[in-house]
Amino acid sequence: MTDAKPTRHPFEDFVPVEAVEHMRAARAEMRKGFEKLLPPGYLEHRRAARREMLLAVRSVIDAALQRTEPPRSDPTL
């Protein structure tokens, strides 16, 4: 797992690598700036809420899959 391949960006043939690196650095700095504007604990709460929403979607999908399966004739299975 330590041999991470460098990610290939979709515009590699058109945009210089230095420009992509600069954009990534700018994005990281902008994210840090936005995090300073948010109240403490917001990001953790947002992550927890997103996880709960994904779990809810998973349960809806599981229920839909169960409805599509034919009923079993032997209740002991």
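Evaluate the distance, in nm, between pseudo-label points positioned 7 Å from the Cα of Lys32 and of Ala49 along their respective Cα→Cβ axes.
Label at Lys32, label at Ala49, 2.6 nm between them.
Test of understanding: what is the full-extension gain from Val60 to Phe14, defined as 0.36 nm times their sequence separation minus their Cα-Cα distance? List each step's numbers first, then the result.
Values: separation 46, 0.36 × 46 = 16.56 nm, distance 4.28 nm.
Full extension from Val60 to Phe14 adds 12.3 nm.
Among Asp13, Asp62, rank each residue by its count of other Cβ atoms within 10 Å, from fewest to most, as a rough exposure measure.
On the way: Asp13 6, Asp62 10.
Ranked by crowding around the Cβ, least crowded first: Asp13, Asp62.
Coordinate-derived values only; no laboratory data. In this text the structure is predicted, and so the values were computed from the model without any measurement. All Cβ positions, glycine included, derive from the backbone under ideal geometry; neighbour counts span all protein chains shown.
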